[in-house]
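Before any comments, here is the structure.
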Amino acid sequence: MDKKTLLGLLIIGVILFSFSWYNSKQQSQFDEAKTLVDSLNAANAAAVQQTQKVEKITVTNSPAGDSLRTAQAEQALERHLGSSLFQATKGTETFYTVENDLMKIRFSNKGGRVASVELKDYKTYGGQPLVLFADTTSVFDLSFFIKQGYNDAQIRTGDYYFTPAEATDLTFGAGQEQKEFVLRLPVDSAAYVDYVYTIRKDNYMIDFDVRFVGMQQILSPNQGDMEITWQNVGPQNEKGFENENRYTTIAYNYPGDDGIEELGISNETKEETINSKIKWVAFKQQFFSSILIAGDDFQNGSVKFTTFAPTAREIKTFHTQLAVPYTPQTDHYDFSFYFGPNKYSTLKKYDDLHLQKLVPLGGWIIGWVNRWLVIPTFDFLGKYISNYGLIILLLTIFIKIIISPLTYKSYLSTAKMRLLKPEMDKLNEKYPKQEDAMKKQQAMMALYKSAGVNPMGGCIPMLIQFPILIAMFRFFPASIELRGKSFLWADDLSSYDSILHLPFNIPFYGDHVSLFALLMAVSVFISSKINYAQTAGAGPQMAGMKFMMLYLMPLMLLFWFNNYSSGLSYYYLVSNIITIGQTYAFRYIVNEDKLHHRMKENAKKPRKLSKFQQRYEEMMKQREQMARKR
């Protein structure tokens, strides 16, 4: 038990003693009230653990609490809370459903919360309705203090029954663009708290306003920041637990920041305290998110998730506690909820909130490639083609055409290096000693220069292509467009494909065989073998990379991609096949005898050194002079 809890219990004891002294006739009733509170708090451990700034009596409503109430205890409790709040502790949970074009939102009168949300345009991998979170797991609780005699009573709205403010038609009428649904918690005869939900006909965003009516004289003057507790459980919606869990976390955004922070990935429990203002917090899964957005920022908060076992059919329990500022003049708070897909074009509509950053497209140049090349091409093809396997094929061909000049330049540079090998071997024989390494390097550079060969010419084009490879790696597992789309033997291009389920689990590989991953690994082996045969003669360092290039790399990719998106493995397979075809095409196009002849002719021509080459040669001369002095 920490010091704050001990202090809180001590204050409770002092105040109970004061009440006993003040009104000895009510002693028995207050004793029963204390017993009730202690019993209910034991049934609700979360309530007991809340930090207590001032003395407070927490009232919860549960079947266990109902069974403990006696007539005298209820009378004492009613005097403590007042008639209106006391009546709100009793009731039956009732659900109200509002349905727009995109989702079904289920509200509960218990806590006035959004109990569950079903997205109408999506299904789970098993074909069931896609519910973001179940009503049995959702918690939304606004905590504040009210004045009651000598006490400041803490009210947690999640423990009370709200009532609809008025008879409301929950169905959208013809031409109606938005609907307002109000749930009210009476605090006194003329004071209440309204939860006002505004649902638009064609929007995943819900406005959520908290209004305090007649509460200025009731709220405690000792009230600090008000605290919000929000929690739910993300069910497993996709095919593979491991792949979905890899993209499931809690994300949040700082006001004025165009990026996001994430709690990270873990198979266990992870939590973090945020000691600065926050604009929004998202319970993020692979393809869907629930987001709570503050109109005027949260003061600070904490986030936490706990991961379920792979067999639980649930991914994570999400939990956050957030503080909002309070002053005696505060009469409302403006919030919003987003319940919907992690689709870039949808989230981009709320650009001022930077929600699109929830789609992990990568940063800097990787993100740029995805946003301005891959996604526009993918969306354009998606307008005319329904088969996403064909779309990936066309996208791959399109990208290969764009980078083909770089691929050709890389091939040409490698061919030149291979043609220079006999002369390089002669230099190696001429300078066999270690102390002649600098002379050999100078001679090599002179040979490259005379033949018009850039020794980095084969690497630079590959480095330029590398961001595209990484962009594809980020795009496919995060692309909701691929979710549930089948192609050939793959039933979901956003998850792994499987042609054989193993009766055991292989570490780092899994319990199934992905044919796309296997074919991709084979294509990497063939491509590497062709490239190795072409480059092994270019230098002794290439021979030492034989095992890495031919065997280790394809094997590593096979293990790595077995549980990844089959669409990604299919893309790399097609890309490798096209690369192999390009290599043979370049061999046919490039006449190496003519190329060698041109290189010899270039060697005879006087060449003007660039400033970089001049500086490099000057540096080499200085290093040689220093070596001689030694």
Q. Listed here are the pairs 426/449; 90/316; 147/279; 123/270; 270/348; which of them are more than 25 Å apart at the Cα?
A. 90/316; 147/279; 123/270; 270/348
Q.
Sort 194, 593, 296, 141 by Cβ crowding within 10 Å, fewest neighbours at the top.
A. 593, 296, 194, 141
**Q.** At most 12 other Cβ within 10 Å, DSSP loop - GluC sites (Glu not before Pro), segment 210-296
**A.** 268
Q. Can you tell which of 181, 170, 240 lies farthest toward the positive end of the dipole of segment 87-359, using +1 and -1 charges on the Cβ of basic and acidic side chains (Lys, Arg; Asp, Glu)?
A. 240
Q: Per residue, how big is the convex hull around the C-alpha atoms of segment 87-359? Give it to me in cubic angstrom, could you?
A: 141 Å³
Q: Give the Debye-formula value of log10 I(q)/I(0) at each listed q (0.13 Å⁻¹), with one equal scatterer per alpha carbon of segment 336-422, two decimals each.
A: -0.62
**Q.** Amide hydrogen neighbours beyond the local backbone of residue 491, cut-off 5 Å, H modeled
**A.** 498
Q | Long-range amide H partners of residue 226 with built H, under 5 Å | A | 324, 326
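Can you put 472, 548, 445 in order, fewest other beta carbons within 10 Å first?
Working: 472 22, 548 12, 445 15.
Placing the least packed residue first, the sequence is 548, 445, 472.
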Q: Taking H placed 1.01 Å from N in the peptide plane, check which residues at least 5 places from residue 289 or on another chain put their amide H under 5 Å from its amide H.
A: 340, 342
Q: Would you mind counting up the charge near residue 257? Only other residues with Cβ under 11 Å from its Cβ, with Lys and Arg at +1 and Asp and Glu at -1.
A: +1
Q. Each residue of segment 589-597 in order: what ³J(HN,Hα) in whole Hz does its phi give by Karplus 6.51 cos²θ - 1.76 cosθ + 1.60, θ = phi - 60°, with x for Gly and Pro?
A. 6, 8, 8, 5, 5, 5, 4, 5, 4
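Starting with the fewest neighbours, write out 336, 523 ranked by other beta-carbon atoms found within 10 Å of each beta-carbon.
Neighbour counts put them in this order, fewest first: 336, 523.
Each value in this text was obtained by applying a stated rule to the coordinates, not by laboratory testing. As the structure is a prediction and not an experimental result, all values here were calculated from the model. Glycine gets a Cβ as well: all are built from the backbone with ideal geometry, and neighbour counts include every protein chain shown.
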